[in-house]
Amino acid sequence: MGVIGAIAALIFGRWHPLSTTLACFLFGATEALQLRIQAFDANTPYQFLAMLPYAIALFALVGLAGKSTPPQGLGVPYSPENRQDN
């Protein structure tokens, strides 16, 4: 899934490393599932099966529409001079 899948996994995992890892496993499992279904020679067009991982990612993100907040420092360039110790 590439970059889109990585961003979807971060948002679905709510920016937590363990949850993001589990989201990556979920998206990887759907990728493997669509390949398995294609191998069984089902009477389904392969385009629909190739769309399956993206559809799962989309449905996962729709369920978390306003619940995931990114870290405050996301997109802020790091500067050692402006560092604030907590």
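Where a number appears in this text, it was derived from the coordinates with a stated rule and is not lab data. Bear in mind the structure is a predicted one, so any value in this text is a computation, not a measurement. Cβ sites come from the backbone with ideal geometry, for glycine too, and all protein chains shown count toward neighbours.
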- Message: Pick from Gly63, Gly13, Gly28 the residue whose mean-square fluctuation is largest in a GNM of the chain, springs joining Cα atoms under 10 Å.
- Response: Gly63
- Note on the structure: Taking max minus min of the Cα coordinates of the chain on each principal axis, largest first, gives extents in Å of 61, 24, 20
- Item | Signed unit charges on C-beta, dipole axis of the chain, positive-most listed residue Gly13, Val62, Pro77 | Val62
- May I ask you to list the residues of the range 1-26 whose amide nitrogen lies under 13 Å from a point 7 Å from Cα along the Cα→beta-carbon direction of Leu33? 25-26
- Message: Under a crude label model (7 Å from the Cα following the beta-carbon direction), how far is Leu18 from Ala50 in nanometres?
- Response: 3.8
